[in-house]
Amino acid sequence: MTPRARIVVVAGTRPEAIKLAPVVRALRARASAETLFVSTGQHREMLRQVLAAFDLAPDVDLEVMRPGQDLHAVTVAALARLAPVLREARPAWVVVQGDTTTALAAALGAFYERIAVAHVEAGLRTNDRYRPFPEEINRRLVDQLSAALFAPTALAREALLREGFPDGRILLTGNTVVDAIRELRAARGARPRRAADLDLDALPGRVVLVTSHRRESFGEGLAAICRALVRIAERAPDVTIVYPVHLNPNVDGPVRAALGGHPRIVLLPPVSYPELVALLERAHLVLTDSGGIQEEAPSFRRPVLVLREVTERPEGVAAGVAAVVGTGEERIVEETVRLLEDGAAYARMASGVNPYGDGHAAERIADALLDPPDGFV
């Protein structure tokens, strides 16, 4: 009997869980794979919450997080605790996703053990080393450490080729977030749309979904976003703004102080991934600084205004389904109100084609890991 290929998949944050869950499920559907799913615990509760929606749980939890840790401490803890797991498992591949501290630590730890690294969502770039911080440098370093580069879009593939990565190590797969959305929408069926204790279909008028939690927005940037939301609510009386607020005190405190109690701004606690999918279904328009939501919203044909100065996901902008508006109060108000009042402008963005894939990315990744092309080394 041919031995099964042992593959370790490492995740630590909510976005990684969303995008790697379809990969784990695709690998476990193949008899030729033995898959060990490892959590660093970087965002432990949020990660478990997401995985539960896909009927998954970590095989190993490294439990790296401690109150008040900085990036140095998280990186060191993840490296140290992952090392014995890799030495015992001796997998053919370590699979990481994206640009987190978990992804960097797992890729570096695998390299130290001479284990091949596969990078899901390789090739994303803003070309500004500090925006987003530390993600831009994390993903560049992970690409350098990887033997297999799974590019989600043609632009990501082109970026890798420009930087000198061999074509044979790059596979264009699509983005696994589209796979995740398809799975969850199929599982949810016709159940009522709810988020936290909120009946989304009972909300009056059009819903504007907002998420903002990036480090680079802390302080004045987030304050300007909040001022803009108040003005948007005043300009558009038929709009309800729904904002799931991140628990980080740099976000939660200022947002609740600025927006709490407004009659048409609903502040929610962090929502589960199925609840986020329900919010995207109900939304008319999305304002976000999240990378993942930039990819998810086009699956629902919801225009996206990106609350950042630069984005590593230019495909949405090129396809006309997203626009970068920054964190300036005036620009946010101007662009949001334009889409709320100009039906033709809204329709152009809402009718754009999703540039992030067809929902079969995880299958392509699993196939490549179990039957690697000649260029993967």
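The values are calculated or read from the model by the stated rules, or taken from the named source; none is laboratory data. Everything quoted here is computed from the prediction, not taken from an experiment. Virtual Cβ from ideal backbone geometry, glycine too; neighbours counted across all protein chains shown. The accessibility values were calculated without ligands, DNA or RNA, using every heavy atom of the protein model including side chains. Shrake-Rupley method; radii C 1.70, N 1.55, O 1.52, S 1.80 Å.
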Roughly speaking, what is the centre-to-centre gap between the range 37-106 and the range 274-293 when only Cα atoms are used, to the nearest Å? 26 Å
Could you tell me what percent of the accessible area of the range 307-377 is made up of carbon and sulfur, with a 1.4 Å probe and every protein chain present? 52 percent
Spelling it out for V266: with amide H atoms placed in the peptide plane at 1.01 Å from N, the residues 5 or more places away or on another chain with amide H under 5 Å from its amide H are I241, V242, Y243
Relative intensity, log₁₀ I(q)/I(0), of the chain from a Debye sum that treats every alpha carbon as a point, q = 0.12, 0.14 Å⁻¹: -0.89, -1.21
Listed by chain and number, the residues whose amide H is under 5 Å from that of V95, excluding neighbours fewer than 5 places away on the same chain and using placed H, are V8, V9, V10, A118
So how do 77-84, 55-62 stack up, highest first, on mean other-Cβ count within 10 Å? 77-84, 55-62
Between the helical axis of 220-235 and the dominant principal axis of the chain, each derived from Cα atoms, what acute angle in degrees is found, rounded to the nearest 10? 50 degrees
Could you check how much of the accessible area of the range 72-121 is carbon and sulfur, as a whole percent, using a 1.4 Å probe? 58 percent
Of P274, P303, P254, the most mobile residue in a GNM of the chain (C-alpha springs, cutoff 10 Å) is P254
What residue among R140, R191, R227 shows peak mean-square fluctuation when the chain is described by a Gaussian network model with Cα springs under 10 Å? R191
Pairs of Cα atoms under 8 Å, at least six residues apart: use those to get the relative contact order of the range 233-276, whole percent. 45 percent
With Cβ to Cβ distances under 15 Å as the rule, what net charge do the other residues near S351 carry (K, R +1; D, E -1)? +2
Relative contact order (%) - the range 69-183, alpha-carbon pairs under 8 angstrom, separation at least six: 22 percent
Relative contact order (%) - criterion: Cα under 8 Å, at least six apart; region: the chain: 16 percent
At a 1.4 Å probe radius, carbon and sulfur cover how many percent of the accessible area of the range 141-197? 53 percent
So how much slack lies between R30 and A202, counting 0.36 nm per residue of separation and subtracting their Cα-Cα distance, in nm? 57.6 nm
For helix 273-282, report the angle its Cα long axis makes with the longest principal axis of the Cα atoms of the chain; keep it between 0 and 90° and round to the nearest 10°. 40 degrees
What is the helix-to-structure angle for 14-28, meaning the angle in degrees between its Cα long axis and the longest Cα principal axis of the chain, kept from 0 to 90 and rounded to the nearest 10? 40 degrees
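Over the chain, what is the percentage of antiparallel beta bridges among all DSSP beta bridges, to the nearest 5?
Around 5 percent of the beta bridges assigned by DSSP in the chain are antiparallel ones.
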Hey, can you find the accessible area per residue of the chain for me, probe 1.4 Å, expressed in square angstrom? 41 Å²
Could you order M46, M349 by accessible surface area, starting with the largest, using a probe radius of 1.4 Å? M46, M349
